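Heads up: the structure comes next, in C-alpha cells.
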Amino acid sequence: MGSKSDARHVTTKIEARGISSEFATPSGPMLALRDVDLTAQSGEFVTLVGESGCGKTTFLRIVAGLLPPNCGEMRIDGVAVTGPSREVGIVFQRPVLLPWRTAMENVLLPAQVRGLPTEQACAEAEALLVSVGLGEFLDRFPRHLSGGMQQRVSIARALLLQPGILLMDEPFGALDAITREQMHLDLLNVWRARRPTILFVTHDIAEAVFLADRVILLSPRPGTVRQVFEVPLPRPRVPDQRFDPVFAATCREVKHAMQTNGEGEG
Amino acid sequence: MKAVPPRRIPWTGGNVFGPALLFVAIVATWETVVRLRDIPPLVLPAPSLVWGSLVSHTRSGFLLIHLGVTLVEILLGFLGGSIIGIGLGIGVALSPRLRGMLHPYLIASQAMPKLALAPIFVMWFGFGILPKILITALIAFFPLFENTVTGLNEVDGEALELFAALRASRWQTLRWLRLPNAAPYVVAGLRVGMILSLVGAVVAEYVGANRGLGALIITSQGMMDTPLMFAVFVVLILLGVVLYEMIGFLERRCLARRYRD
C-alpha cells in the first residue's frame, strides 16, 4: 500500500514536542503529562516504562490522535496529528475483539471500514494470522481462544493495513509469564519482517528492556521523561539474553532511575 | 464479560416424561374431583367435557375462524410494534437530541395502560380487527424499543475507541458494532413482545369485538358455556407456546452460532 520511504532510510517517524495534557477531576484539573519530548525513528522499537498513573496511556492516545494535547505538538512523518491516522495501528490492553466475529473477520475489520477489496484483504489477514501462529484458528470465535491467542488476533488486526506505526498499550499485561515470553518473541519476529515503528507501553522493566532499542522512562504525576536508555543487546533477541549480564545491568539502571525521586529534575 | 439478555427458556426443559406425568396427574385429579363432588359444569367443567367441546368446535371450524382472527391481530400488531420499536430505538440511540425530545413521552406512554384505550379505539376504528392490531402494536412496542436502545448503547468503550481509531463513520460503527451488539437484546425483546402481543390482542377483544378468541370468551360467558371457555383457554395456551417457540426458532437460526454455544 503506502511505500513512501524506502526500507532502510532512517527518518523521524514520531516526534513529540512539549506535550502536556490535563484531566478534569472533581477537585480541579490534574496534569497527566508535562512537557514531554520524544522521538522515534522509522523502524525503531521504543518502550515507554513508568509506574501506573504516569500518563503512558495518555501519551499513546495523543500519538494515536484519539486525544488532543493541551499544549505541545505531535507530528507523524513531519505532519501534525489532528485525528486518528491510518498510518497508526493500535493494540489495546485488552484484545477488544468483536465476540460475534471469527478471528479472521476480526482481523478484516480495518479493511472493511476502509472499504478495501475483500480478496486482497483476506489474503493479507490470513498471512498475518499465520505469522502470529494462528493459522489453524481462522474460523474460531474469540470465546474459543485463549487470552494470548486473542491478543495475537488483535495484533494481526492492528497490522492489517500495514501501518508505519504500531502503538501497544501494555498488551501482554494480562498474560501469564510463559505466554508472555512467547509473545515477545513472536512480536519481535513480526516486527523484523514488517519493520513498523513500535511504541510499546509497559510497567514491566524486563519486558521493556528485552524488546526495545530504546527504553524511555517516564516519572509519574505529572508524567515527564525522566531518562532515556539505549539497550546495547544485539538483535535478533533470543530468550537466553535474559541471563546476559548486559541485560541485567540495563534493567538495574532503569530500576534505579525509577526509584530515585526525580524532584529536582536533573 | 457483559450483561447478556436472558436466554429463552425451552418450554419442556428437554424432559418430556416428567411434565407428561404431571399433566396426567392433574387432569385425572381434576376429573375425579369434579365427578365425585358433582360440581356443575357451569362452575368447573370436567376435562372430558372441555375436550368434547374442543373437538366438536374444532371439527365445525368454529374455533379455527376465531383463532385465525386473533392470530392475524397478534402477528400484524407484533410486527408493527416491533418495527416501530426497533426503528425508534435506533433513532433514539443515535441521536441524543431525539432522545431528549421523546423521552418524557415514551415514559408517559408506558405509564398509560394501553388496554384502557380499547374503548376509545372501538369508537374511532369500529369493531373490526384494526383497533386490536393497534393496541397489540402499542403493547409490543415498548420491550422492543427499550431493548434496542439498551443493546445499541451498552457497547464496550474500548471497542468504540477502536472504531474511532479506524476512523469508522457513524454508520459503520452502527453496522459493525452497535447493531451486532444489540442483536441478542432485540431477540430477547421479541420474545417478551410476542407474549405481550397475545395478551394484548385477547384482552382488546374483550372490549367490543364479535370475532376472535377473546370475543369468544366473552360470548361463552354470556351463553354460560363454560366448557367452551375452557376450550378457548386450551387454544390460547397452545397458541402462546407456538408463538414463543417461533421466536426461539428465529434465535437458533440467526444467533446461535455467533453469540453462544
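The values are calculated or read from the model by the stated rules, or taken from the named source; none is laboratory data. The structure presented is a predicted model; accordingly, all values stated were derived computationally and were not measured. All Cβ positions, even for glycine, are placed from backbone atoms using ideal geometry, and neighbour counts span all protein chains on display.
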**Report entry** Residues satisfying the stated conditions in segment A:127-144, i.e. surrounded by fewer than 18 Cβ atoms within 10 Å (Cβ to Cβ), outside any loop (DSSP other than H, G, I, E, B) and more than 10 Å from chain B (Cβ to nearest Cβ)
**Finding:** A:Ala127, A:Val130
Query raised in the report: Would segment A:250-264 turn up any residue that is hydroxyl-bearing (Ser, Thr, Tyr), outside the structural domain of A:Gln182 (by TED's automatic domain parsing), out of contact with any Ser or Thr (no Cβ under 6 Å at 6 or more places or on another chain) and touching a residue at least 40 places away in the same chain (Cβ under 8 Å)?
Result: yes
Query raised in the report: Is there a residue in segment B:58-71 that is surrounded by fewer than 16 Cβ atoms within 10 Å (Cβ to Cβ), more than 25 Å from the chain's Cα centre (by Cα) and assigned to a helix (DSSP H, G or I)?
Result: yes
Requested in this report: Would you be able to tell me the number of residues in segment B:36-93 that are of a type in the set (Gly, Ala, Ser) and farther than 18 Å from B:Phe141 by Cβ?
Outcome: 8
Query raised in the report: Tell me, which residue of segment B:155-164 that is more than 7 Å from chain A (Cβ to nearest Cβ) and either out of contact with any helix residue (DSSP H, G or I) (no Cβ under 9 Å at 6 or more places or on another chain) or of a type in the set (A, V, I, L, M) (or both) is farthest from A:Thr57 (Cα to Cα)?
Result: B:Val155
Report task. Could you tell me whether segment A:108-125 includes any residue that is in contact with a helix residue (DSSP H, G or I) (Cβ under 8 Å, 6 or more places away or on another chain), surrounded by 16 or more Cβ atoms within 10 Å (Cβ to Cβ) and without any contact (Cβ under 8 Å) to a residue 12 or more places away in the chain? Result -> yes
Requested in this report: Taking the residues in segment A:67-84 that are surrounded by 17 or more Cβ atoms within 10 Å (Cβ to Cβ) and without any contact (Cβ under 8 Å) to a residue 40 or more places away in the chain as candidates, determine which candidate is nearest to the other protein chains (Cβ to nearest Cβ).
Outcome: A:Pro84
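Kindly indicate whether A:Thr82 is over 19 Å from the mean Cα position of the chain (by Cα) and not in a strand (DSSP E or B). First the steps, then the outcome.
On the way: over 19 Å from the mean Cα position of the chain (by Cα): yes; not in a strand (DSSP E or B): yes.
So A:Thr82 fits the description; yes.
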**Report entry** Boolean, A:Asp240 is surrounded by fewer than 15 Cβ atoms within 10 Å (Cβ to Cβ), of a type outside the set (Gly, Ala, Ser) and at pLDDT 90 or above
**Finding:** yes
Query - Hey, A:Asp37 outside the structural domain of A:Ala158 (by TED's automatic domain parsing), surrounded by fewer than 15 Cβ atoms within 10 Å (Cβ to Cβ), of a type outside the set (Lys, Arg) and modelled with pLDDT under 90 or not - result: no
Query raised in the report: Which pairs do you get when a residue that is within 15 Å of B:Ser48 (Cβ to Cβ), found in segment B:20-31, comes within reach of a residue that is among the small types (Gly, Ala, Ser), reach meaning Cβ atoms under 6 angstrom, with the pair 6+ apart or on two chains?
Result: B:Glu31/B:Ala46
Report summary line: Per the filter on segment A:85-111, residues in contact with a Phe, Trp or Tyr (Cβ under 8 Å, 6 or more places away or on another chain), within 9 Å of chain B (Cβ to nearest Cβ) and not in a loop (DSSP other than H, G, I, E, B) are A:Leu109
Query raised in the report: Within segment A:37-54, is even one residue more than 17 Å from B:Leu160 (Cα to Cα), within 14 Å of chain B (Cβ to nearest Cβ) and assigned to a loop (DSSP other than H, G, I, E, B)?
Result: no
Query raised in the report: Is there a residue in segment B:196-217 that is under 21 Å from B:Leu138 (Cβ atoms), over 15 Å from the mean Cα position of the chain (by Cα) and within 14 Å of chain A (Cβ to nearest Cβ)?
Result: no
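Run down B:Arg167, B:Arg178, B:Arg191 and say which single residue is in contact with a Leu (Cβ under 6 Å, 6 or more places away or on another chain) and of a type in the set (Lys, Arg).
Numbers: B:Arg167 fails: in contact with a Leu (Cβ under 6 Å, 6 or more places away or on another chain); B:Arg191 fails: in contact with a Leu (Cβ under 6 Å, 6 or more places away or on another chain).
Going through B:Arg167, B:Arg178, B:Arg191 in turn, just one is in contact with a Leu (Cβ under 6 Å, 6 or more places away or on another chain) and of a type in the set (Lys, Arg): B:Arg178.
With respect to B:Met246, determine if the residue is on the phi > 0 side of the Ramachandran plot, more than 11 Å from chain A (Cβ to nearest Cβ) and surrounded by fewer than 18 Cβ atoms within 10 Å (Cβ to Cβ). Before the answer, list the steps.
Numbers: on the phi > 0 side of the Ramachandran plot: no; more than 11 Å from chain A (Cβ to nearest Cβ): yes; surrounded by fewer than 18 Cβ atoms within 10 Å (Cβ to Cβ): yes.
No, not satisfied.
Can you tell me which of B:Arg178, B:Arg167 is more than 23 Å from B:Val242 (Cβ to Cβ), crowded, with 20+ Cβ neighbours inside 10 Å, within 14 Å of chain A (Cβ to nearest Cβ) and basic (Lys, Arg)? Quick ask: steps written out before the conclusion?
Details: B:Arg167 fails: crowded, with 20+ Cβ neighbours inside 10 Å.
Result of the check over B:Arg178, B:Arg167: B:Arg178.
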Report task. Return the only residue of B:Phe145, B:Phe121 being out of contact with any Asp or Glu (no Cβ under 7 Å at 6 or more places or on another chain) and either more than 16 Å from B:Tyr206 (Cβ to Cβ) or in a loop (DSSP other than H, G, I, E, B) (or both). Result -> B:Phe145
